[in-house]
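In what follows, a structure is listed as structure tokens, so that the remarks can point back to it.
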Amino acid sequence: MTAATSATGQPAGGTPAAASPVTTGSEKRAEMLAGYALIVVPMLLFLVLNIGSVLYEVFVSLWKWNVRTGPQQFRGIQNYQTLFADDIFWRAVQNTVYYAVIWVPLTMALGLFLAVIVNQKLRGQAFFRAAYYFPAIASSVAITILWIFIMSPEGLFNTVRGAIGINPLFAALGFSANQNWIGDERTALNTVIILNAWTTSGTFMLFYLASLQTISGEVYEAAALDGASWWQTFRRITFPLLRPAHYFVATVALIGALQLFDQAYVAGGVGGDPNNALMTVVLYLFNAAVSQANFGYAAAVGVVLFAIIFTATLVQRRLFGSTPSWL
Amino acid sequence: MMRRTLVGAFLVLALAGACSSGSGTSPSPAGGGASPAESSAASPAESMAASPAESMAASPAESAGASGGTGATGGDGSAWAQTISGNATLSGWQASPDEGKALQNALSGFATAYPNIKVDYKEVPGDYRTVMQTKFAAQDVPDIFYVNADYAKEWIDQGLLEPLDDYISKSGFDTSQFFPGAASIFKGQDGKTYGLPKDTNTIALAYNSDLVSTPPKTLDELVQMATSLKGKNGLKAPMCFNPGLDRGLAFLYANGGSVVSDDLSQEQIDTDASKTAVQWYMDQFKNGLAMTASDLGSSWCGEALGKKQVAMVFEGGWLDPFMTSTYPDVKYAWAEMPTGTSGSPVTISFTVSYSIGADSKNKDQAFAVMTYLTGKDGMTKWTEGGVALPSRQDVAIPKGKDVLAAGSAYAKPGSGFMPGWVDVQKAFQDEFTSQLQKKTFDAGPVVEKTAAAVTKAISQ
């Protein structure tokens, strides 16, 4: 996306302005009207479907809401009070934050690493690009099921590590030879983090790759002339020039992390088993809304989640400074 | 990207081990929906004479106007049902292809007896409760559908189900044949009936008969037997236990414990008797005599029995079709639930109802279908399929289910006896699992957390 906007942004900003003739008042008005006419449909959709549903959610969250008949009893902030008093909700928040803090940097680093590798002029470059991207096109549910099998006590992972003799290493870390990775509350979430880092890194590789290819060869030539090492080039040139990509990938990853649902649901069921280790905020919301049909309460969860994501994105924006002009 | 697969997630619970809480009563999918009986349901109008309902079907055509008179029909509602025509949609989950076959068998019996009503059966794949919840929200529900005792109270309280009392009285359907324990679960706080039990299932001991010659009769004998089997015959553990109340409740009752007082006024899990019983259950894990299906790498205990990972499991009638089709070479037999310190035989039973949606547009047709499926003939055909036990006294015990049926004489409800049971089970299972994984094996926190959940549930 960053690559696309910067590419089209330049000519749009440059040439037409110089070419535009002096306009009369009525022409300006007509132009303005045409402009509004063009945006009115998407804008209406946005207002109704996005802003409208957020406001509706806030409304629903103040009620005891029957699944069939709608508003049943006005509750005010009672749904929120119940929510904040629920240990499982806080466990869900804790899990979600932990997931975001570990997974976002991990998957970004992995994506960048893969992008740098496949950006080299290697033989079979296309093959590697496709291979690294492959997990991202597989359905997350299918791949989670596969992961459950691999990480089960009798699964591929435990068998392989036994066969190649690295079990003493795992024993030192406190894991038995037939550790139940997803069924054990101490390892369940980390196991899902590794799964998602693997499957999502391909997508982020793609974003980074697109951005890497917009970096002009001249800067590398200049660096080479100055005698910069590979690492120095990466540290001082590639990495900083990828800033728009970092911003984009980090935002997408963080929002995705805070909305973690499908892998947790498939691996841990509605209850986020074992012992809520895989309970995430969205799974908690899903549980309240769909399993317990407690729509008002679920709406309250949704509002809180909205607030969390909104704040996180704002914080992130500050962290990366003001949006670069070329973004 | 996350949302796109949400729908897919429903389809997959089968593989994620949804069978764990007993397929007979829990929504666990597993394909096999399209069964050939659809064609037989279309044709059999002319073979009506074969139906056992024929004797009743002969008379009521003329007495249709007087269908309020219930005496003549013998109370099976068929006289009234014969006057109804139209369509009805039916939905339920299907834990195995055998269930589908059994249901289609019952439905073709219905089509024969009641050619004027066409039943359109659609299996709900995936997480049944979730899928139905979305249908309730859309006010587009099947006319007649399964309701698991687990959450029947919630659905009744939310007004999702149609009270059946008017239909029962106008059709003259005799509900006294149902086992009271099963029927009472589907009564609302208002005393009305919101569902008729379609079947029951009890928990009993299923053991590998190559390894266990005489099944234990008491829990002490069970422990002795398990101890003697430990580490032998390639077993990973002598027994497979679920870390939750879906089976644990049977052991809790056997050892004199309880979850809640009969009048639902007081939690009873945080008492010495219950705590001792929970500790007993936990000690089997501690002593290496039992493992969870998850730690065995199986999706449920039945699979662990089939794979010969364990020699003894505690399951219900749904185990039979599974073993026959998946592990036909493994020899196993049933024994009644061993008695514990309470001294008297006890086990738990599960039940599921047929209910009518409050938003159903074909309620008469739906009830007509119900009178057949929960009636003597329909239930006979359904239970012959080998998945479940009859919930009526006048239906014969299906072949091979004697042990399980014996249990229904002294079984207590395994779910549906209190509101918020799903949350109570979750509280128990979460802490129990945690104790197992931390290897602390302490029943104290388990009963404390469960007690809090019970108190919360009964105070609402």
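A compact table of results
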read-out: Pair list, Cβ under 6 Å, 6 or more apart: segment B:125-137 residue in contact (Cβ under 8 Å) with a residue 60 or more places away in the chain, other residue of a type in the set (D, E, K, R); value: B:F136/A:R68
read-out: Among the candidates B:S353, B:S349, B:S344, residue that is open to solvent by 10 Å² or more (accessible area, probe 1.4 Å), touching a residue at least 60 places away in the same chain (Cβ under 8 Å), out of contact with any Ser or Thr (no Cβ under 6 Å at 6 or more places or on another chain) and outside any helix (DSSP H, G or I); value: B:S344
read-out: Given (1) in a helix (DSSP H, G or I); (2) modelled with pLDDT of 90 or more; (3) away from chain B (no Cβ under 14 Å), number of the condition A:G227 does not satisfy; value: (1)
read-out: Test: residue in segment A:46-66 that is assigned to a helix (DSSP H, G or I), exposed (fewer than 15 other Cβ atoms within 10 Å of the Cβ) and among the charged types (D, E, K, R); value: no
read-out: Residue match in segment B:398-418 (condition: touching a strand residue (DSSP E or B) at 6+ places or on another chain (Cβ under 8 Å), away from chain A (no Cβ under 14 Å) and of a type in the set (V, I, T)); value: yes
read-out: Top-ranked residue in segment B:143-159 [being in contact (Cβ under 8 Å) with a residue 40 or more places away in the chain and over 20 Å from the mean Cα position of the chain (by Cα); ranked as nearest to the other protein chains (Cβ to nearest Cβ)]; value: B:G159
read-out: Residues (within 26 Å of the chain's Cα centre (by Cα), open to solvent by 80 Å² or more (accessible area, probe 1.4 Å) and closer than 19 Å to B:A293 by Cβ) located in segment A:116-158; value: A:F149
read-out: Filter result for the condition that a residue is in contact with a Lys or Arg (Cβ under 8 Å, 6 or more places away or on another chain) and within 14 Å of another protein chain (Cβ to nearest Cβ), over B:D423, B:D394; value: B:D423
read-out: Among residues of segment B:118-142, those that are within 17 Å of B:E162 (Cβ to Cβ) and away from chain A (no Cβ under 14 Å), counted; value: 1
read-out: Strands (runs of 3 or more DSSP E) completely within segment B:74-161 that count 2 or more residues being in contact with a Pro (Cβ under 7 Å, 6 or more places away or on another chain) and of a type in the set (S, T, Y); value: B:86-92
read-out: Hits in segment A:75-89 - residues which are of a type in the set (F, W, Y) and loosely packed, with under 15 Cβ neighbours inside 10 Å; value: A:F84
read-out: Test set (1) among the acidic types (D, E); (2) more than 14 Å from chain A (Cβ to nearest Cβ); (3) under 26 Å from B:E99 (Cα atoms) - B:D246 fails condition number; value: (2)
read-out: Residues located in segment A:225-241, provided they are of a type in the set (S, T, N, Q), without any contact (Cβ under 8 Å) to a residue 40 or more places away in the chain and closer than 17 Å to A:Y208 by Cα; value: A:T233
read-out: Residue list for segment B:262-273, restricted to those being surrounded by fewer than 24 Cβ atoms within 10 Å (Cβ to Cβ) and either closer than 17 Å to B:K449 by Cα or aliphatic (A, V, I, L, M) (or both); value: B:L264, B:Q266, B:Q268, B:D270, B:T271, B:D272, B:A273
read-out: Residue that is least open to solvent (accessible area, probe 1.4 Å) [pool: residues in segment B:387-421 that are among the charged types (D, E, K, R) and either in contact (Cβ under 8 Å) with a residue 24 or more places away in the chain or outside any loop (DSSP other than H, G, I, E, B) (or both)]; value: B:K401
read-out: Residues being of a type in the set (D, E, K, R) and within 14 Å of another protein chain (Cβ to nearest Cβ) - total across segment A:104-159; value: 1
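The values are calculated or read from the model by the stated rules, or taken from the named source; none is laboratory data. Predicted model only: the values in this text are computed from it and were never measured. Please note: Cβ atoms are built from the backbone with ideal geometry, for glycine as well, and neighbour counts cover all protein chains shown. Heads up: the accessible areas ignore ligands, DNA and RNA and are worked out on the full protein's heavy atoms, side chains in. Shrake-Rupley method; radii C 1.70, N 1.55, O 1.52, S 1.80 Å.
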